[in-house]
Structure formats: C-alpha cells, structure tokens
C-alpha cells in the first residue's frame, strides 16, 4: 500500500515533466518481424488492421504511413502471438523473434534512483528480470535478458526509461 502511494506521488510529480516536452517518438515495430521493409510494402495495403484489433494490450497503433507501431505509454507487450496470428500479410510471421527490435535505456540524469531516491518501479514489472541494481541505487538493464517489452516504461515516475529502434549487443 505504501509502495503504491509512493509511486503515485512520484508519478504525479513527474507528470508535469513528461508533458513538458513533446519530442518525436521513435518508431518501434511489433515483434515477430524479420524484414522491416515489409511494413512499408504490405501494411499500408492492409485494410483490416487485424494486428491492432488482435493486440490484447492495445499497444499497436497505426502511424501516418499506415504501418503498425508500438505505443508503450500505458502498457507493454506480453508476446502473446495474437498480432502474428492475425497478420494475413505475413509481415509478423516469425514467432522465433519473440522480442521487440529495440533497445531500452535508462537516462541516468533523469532517473531518481540514480539520484539517491529509493525507487524500483522499473524492476517490478520486468518479466525477464533484466533490470538489476548496482548497490541499492543505480538500475541497469541487462541487454542479454531484455526483450524490450516496454513494461518498465509507463511505470517510471521520472520518465527516465527510453526506447530506441534496433538491438544493442551485450555490454
């Protein structure tokens, strides 16, 4: 109960900062895709947008180009395969790629844990246990375990977790 209240307090304090900057969001594609060019070749022709309707977490949205992107502002991906199963065009057809082709990073200048505040909001929802802490503070993402599912992004009270297209190798 106290943890929830603390997270709520941090979230409300940081909400002003989150809305302060309207930066261009990176284009993050759904999992199960092996050829990025197919998004531009096949997705704009798709009239049903079955992947959007199939997404249990409602994180797939269609961008201006008519292609699916992921929106991690409220939830993350569970890798349920529903978008892949619904994609008749075959863009999301490789179920062995059960990760998002992106890299999740912690901005240490914004992260309150890196500034000596006890916060582990990002660690709790991480299903792969990819976030470890150096000492009591300083969270670090282990790229060898991170699937870039996005669940850590909306829970960060300082908006310190960023996602960029492309997978970085282990550090």
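The values are calculated or read from the model by the stated rules, or taken from the named source; none is laboratory data. Please read all numbers here as calculations on a predicted model, not as lab measurements. Heads up, the Cβs are rebuilt from the backbone with ideal geometry, glycines too, and the neighbour counts pull from every protein chain shown.
So, in region 109-132, exactly how many residues are surrounded by fewer than 16 Cβ atoms within 10 Å (Cβ to Cβ) and either more than 15 Å from residue 160 (Cα to Cα) or at pLDDT 95 or above (or both)?
Selection size over region 109-132: 6.
Can you run down the residue pairs with Cβ atoms below 6 Å, 6 or more apart or on separate chains, where the first is in region 143-169 and within 14 Å of residue 127 (Cβ to Cβ) and the partner is in a strand (DSSP E or B)?
146/104; 148/102; 148/104; 152/161; 153/161
Residue under question is residue 25, and the condition is that it be closer than 30 Å to residue 120 by Cβ, modelled with pLDDT under 95, out of contact with any strand residue (DSSP E or B) (no Cβ under 7 Å at 6 or more places or on another chain) and in a loop (DSSP other than H, G, I, E, B); does it hold? Reasoning before the result, please.
Working: closer than 30 Å to residue 120 by Cβ: yes; modelled with pLDDT under 95: yes; out of contact with any strand residue (DSSP E or B) (no Cβ under 7 Å at 6 or more places or on another chain): yes; in a loop (DSSP other than H, G, I, E, B): yes.
Yes: the conditions hold for residue 25.
Tally time: how many residues in region 34-70 are part of a loop (DSSP other than H, G, I, E, B), in contact (Cβ under 8 Å) with a residue 24 or more places away in the chain, under 16 Å from the mean Cα position of the chain (by Cα) and surrounded by 18 or more Cβ atoms within 10 Å (Cβ to Cβ)?
Count: 2.
Is it the case that some residue within region 140-148 is outside the structural domain of residue 80 (by TED's automatic domain parsing), at pLDDT below 95, assigned to a loop (DSSP other than H, G, I, E, B) and surrounded by 15 or more Cβ atoms within 10 Å (Cβ to Cβ)?
The answer is yes; a qualifying residue exists.
Against the conditions (1) in contact with a strand residue (DSSP E or B) (Cβ under 7 Å, 6 or more places away or on another chain); (2) within 19 Å of residue 164 (Cα to Cα); (3) modelled with pLDDT of 95 or more, where does residue 75 fall short? Just the number, please.
(1)
Among 164, 155, which is the only one that is closer than 24 Å to residue 58 by Cα, loosely packed, with under 14 Cβ neighbours inside 10 Å and within 12 Å of the chain's Cα centre (by Cα)?
On the way: 155 fails: loosely packed, with under 14 Cβ neighbours inside 10 Å.
From the options 164, 155, the qualifying one is 164.
Condition check: touching a residue at least 12 places away in the same chain (Cβ under 8 Å), under 12 Å from the mean Cα position of the chain (by Cα), in a loop (DSSP other than H, G, I, E, B) and farther than 30 Å from residue 42 by Cα. Does residue 77 satisfy that? Before the answer, list the steps.
On the way: touching a residue at least 12 places away in the same chain (Cβ under 8 Å): yes; under 12 Å from the mean Cα position of the chain (by Cα): yes; in a loop (DSSP other than H, G, I, E, B): yes; farther than 30 Å from residue 42 by Cα: no.
No, not satisfied.
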